[in-house]
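The values are calculated or read from the model by the stated rules, or taken from the named source; none is laboratory data. Since we're looking at a predicted model, the values are computed, not measured. Here the Cβ positions follow ideal geometry from the backbone for every residue, glycine too, while neighbour counts run over all protein chains shown.
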Amino acid sequence: MTLPLLLLLHAMAAPSAPAPPPDVRMTRVFVEGGAPSGSIVRATRTSPSGTTVVTVLEGPNKGRLLVRWTHPDSATAVYEVRLDSRSAFTVTRRTGEPLLIEAAGLSMRLFEADLDRRTVRCWIGLLATRVEPGLLAAAADIRTLKDWAGQKKLDESFLPIWILGHAEEPSTLTQKGKLITEEGVFKGDPWDGLVRMVLDELEKP
């Protein structure tokens, strides 16, 4: 094949399609008849390299919990959770292998079937407090909100929250009244900042 023909074929090739924009969803949580008590923004990006999901939750005290779920390859899922941009509590799940939990330069491996063992719960709690003691309280509050809203289980991307929940930190939330969740497109504070936060996180490798 001659060089001019190669150049012509290259020029005729269709340009690659741009990546679709992230799917951004917003949810506010409040008690019926009361002020909003929680704001949630979730962004999902799908690409040839896999799917990334980032969720940010802001509670009434304005603390922000970020949960990130990525798939480096078909057999691996990596979950990160951190509070107010501090160090992350990371869980790596690989097919056929025990979970790898990492925090503050320390790590441990365990099988999911062992999560209900008392000694394992203690190890998880100690590891989480090395990162940020508030993670355990945040996980307990989310577990309470899940039960309050009548949900049977947390979304797959919340695996670290489910694991931290086994540390049995008591929640400070009191279930009074009906909990309402409302999805929509919201503007202003805190929504604009939360959207920027999840979109910036999606851009990270």
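Per this entry, Lys187 is counted among residues that are loosely packed, with under 13 Cβ neighbours inside 10 Å, part of a loop (DSSP other than H, G, I, E, B) and either over 19 Å from the mean Cα position of the chain (by Cα) or aromatic (Phe, Trp, Tyr) (or both).
Note on the range 136-177: residues that are among the hydrophobic types (A, V, I, L, M, F, W, C) and at positive phi total 0.
When the range 172-187 is limited to residues that are aliphatic (A, V, I, L, M) and touching a residue at least 60 places away in the same chain (Cβ under 8 Å), the one that is nearest to Val56 (Cα to Cα) turns out to be Val185.
Is it true that some residue in the range 131-145 is part of a loop (DSSP other than H, G, I, E, B), of a type outside the set (Ser, Thr, Tyr) and within 30 Å of Lys176 (Cβ to Cβ)? Spell out the reasoning first.
First, the residues of the range 131-145 that are part of a loop (DSSP other than H, G, I, E, B): 132-133.
The next check asks that each one be of a type outside the set (Ser, Thr, Tyr); those that pass are 132-133.
Okay, now just the ones that are also within 30 Å of Lys176 (Cβ to Cβ), so 132-133.
Checking the range 131-145: at least one residue is part of a loop (DSSP other than H, G, I, E, B), of a type outside the set (Ser, Thr, Tyr) and within 30 Å of Lys176 (Cβ to Cβ).
Would you please name the residue that is farthest from Val31 (Cα to Cα), looking only at residues in the range 147-176 that are among the aromatic types (Phe, Trp, Tyr) and in contact with a Leu (Cβ under 6 Å, 6 or more places away or on another chain)?
The initial filter retains those residues of the range 147-176 that are among the aromatic types (Phe, Trp, Tyr), namely 148, 158, 162.
Applying the additional criterion that residues be in contact with a Leu (Cβ under 6 Å, 6 or more places away or on another chain) yields 148, 162.
On the way: Trp148: 10, Trp162: 23 Å.
Out of the qualifying residues, it is Trp162.
Results for (1) within 15 Å of the chain's Cα centre (by Cα); (2) among the aromatic types (Phe, Trp, Tyr); (3) at pLDDT 90 or above, shown as yes or no for each residue.
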{"position": "Val29", "(1), (2), (3)": "no, no, no"}
{"position": "Arg42", "(1), (2), (3)": "yes, no, yes"}
{"position": "Val56", "(1), (2), (3)": "yes, no, yes"}
{"position": "Lys62", "(1), (2), (3)": "no, no, no"}
{"position": "Val67", "(1), (2), (3)": "yes, no, yes"}
{"position": "Ser74", "(1), (2), (3)": "no, no, no"}
{"position": "Arg94", "(1), (2), (3)": "no, no, yes"}
{"position": "Phe111", "(1), (2), (3)": "no, yes, yes"}
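For the range 131-141, the set of residues classified as touching a Ser or Thr at 6+ places or on another chain (Cβ under 9 Å) and either exposed (fewer than 14 other Cβ atoms within 10 Å of the Cβ) or more than 20 Å from Leu106 (Cβ to Cβ) (or both) consists of Ala137, Ala140, Asp141, listed by residue number. Any chance the range 146-154 includes a residue that's buried (at least 16 other Cβ atoms within 10 Å of the Cβ) and part of a helix (DSSP H, G or I)? Checked against the condition, which is being buried (at least 16 other Cβ atoms within 10 Å of the Cβ) and part of a helix (DSSP H, G or I), the range 146-154 yields at least one hit. Which pairs have Cβ atoms under 6 Å, sit 6 or more apart or on different chains, and link a residue in the range 188-201 that is over 9 Å from Ala43 (Cβ atoms) to one that is surrounded by 17 or more Cβ atoms within 10 Å (Cβ to Cβ) and not β-branched (Val, Ile, Thr)? Between residues of the range 188-201 that are over 9 Å from Ala43 (Cβ atoms) and residues that are surrounded by 17 or more Cβ atoms within 10 Å (Cβ to Cβ) and not β-branched (Val, Ile, Thr), the close pairs are Pro190/Ser39; Pro190/Glu58. Among the candidates Leu99, Leu83, Leu115, the residue that is within 28 Å of Leu194 (Cβ to Cβ), in contact with a helix residue (DSSP H, G or I) (Cβ under 8 Å, 6 or more places away or on another chain) and surrounded by 15 or more Cβ atoms within 10 Å (Cβ to Cβ) is uniquely Leu83.
Taking residues in the range 74-93 that are among the basic types (Lys, Arg), and partners anywhere that are part of a strand (DSSP E or B) and surrounded by 15 or more Cβ atoms within 10 Å (Cβ to Cβ), the pairs with Cβ atoms closer than 6 Å and at least 6 places apart or on different chains are Arg82/Leu66; Arg93/Ala77; Arg93/Leu99.
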